[in-house]
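Just so it is clear, none of the values below were taken in a lab; they were calculated from the coordinates. No experiment lies behind these values; they were computed from the predicted model shown. Quick reminder, even Gly has a Cβ in these numbers, built from the backbone with ideal geometry, and neighbours come from all protein chains shown.
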Amino acid sequence: MIKRQKCILVVLFLLSLSTTMLSQTIYDGKLIVKESGIFNYKLVLNIDSNKKTVSGYSITDEKGKEETKTLVKGTFQPNKKKINISEYEIVSTKAKASDVVFCFIEAELEMKMVENDSTLVGKFTGRLFPKKDICGTGGVFVKQPARKKIKKPKVPTQLPKEKIAPPAKEEKIEAKSFDIVTSNTVLTWSSDSALVEIWDQGNQDADSVSIFFDGKLLVSNLKLTDTKVKYKVPISKTSEHMVSILAENEGKYTPNTAAIILHDGNKKYQLLCESKINEMKTIKIKR
């Protein structure tokens, strides 16, 4: 009788554990640090929907020279679909302590569904430990790709037609075109705003991009066509600004190609951005 009661208690205990089991989610993406650059950023989060808490860890610069794993804790607001996280303890790092000042991330992230992908988007503040002095600001954009159903191949009813190579893309930008990242260009600005125009000037092959300004998401998964899409952003004298382009796919023909014009009053800069999937490129503006 005693043994049977113990067995029942064990079963009830295991059932109680299963009902409060944490849901682990892996998000991969970018950390956009204002005036510093863009870094690979991964979040592995255990989200407890009952206690409305979040725990886990982050990885900055994964597989890079300064890869750092940091513990994360926070809260979950299911009604608002928001997660607040704070980094608080370094687990491991490849960086030398003498070369790096560790900046702990605090962020409020909004949960969204974009093209069947679960994303976390929001702003962050970096703070030094233990004084809590601000050491950086910017944006977080990470996503968890959804599992895609495998489609059964269709049995052809007739012989396949001979494949025809896609036509070469026609380059219409006459001004000097350059890769935004490798050029490492800082544009000197005159006016108090910038008008950003972006489109696909070649073959319309369903290229999609996300656009950020100083780490803040302007638009997610924008499908590029031959119609220019325009965004106006403020340019201040007090800080350096960043316009960043993230390639969400490579369309039918690689690479992802976006034509961009940045307007500084009557002056304009014409750029051509070619990227692989999940590659982010940026250009800096200083007034």
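Points worth noting:
- Placed amide H near LYS34: partners under 5 Å, 5+ positions off or other chain: THR137, GLY138, GLY139
- Cut-off under 5 Å, modelled amide H: who pairs with GLY56 long-range: ASN46, VAL72
- Here the range 180-286 is assigned +1 on the Cβ of each Lys and Arg and -1 on the Cβ of each Asp and Glu. Its dipole about the Cα centre then comes out at about 340 debye.
- Residues whose placed amide H lies under 5 Å from that of GLN201, excluding near-sequence neighbours: ALA259
- Placing unit charges on the Cβ atoms of the charged side chains and taking the dipole of the range 180-286 about its Cα centre, the candidate lying farthest along the positive direction among GLY251, THR188, ALA206 is THR188.
- Protection proxy ranking, highest mean first, for peptides 243-251, 225-233, 85-93: 243-251, 85-93, 225-233, where packing is the per-residue count of other beta-carbon atoms within 10 Å, averaged.
- Environment charge at THR75 (Cβ cut-off 15 Å; Lys +1, Arg +1, Asp -1, Glu -1): +1
- Förster radius 41 Å - calculated FRET efficiency between LYS81 and THR238 (Cβ-Cβ, nearest 0.05): 0.80
- Taking label positions 7 Å along the Cα-Cβ direction at both LYS73 and VAL229, the computed distance is 4.0 nm, reported to one decimal.
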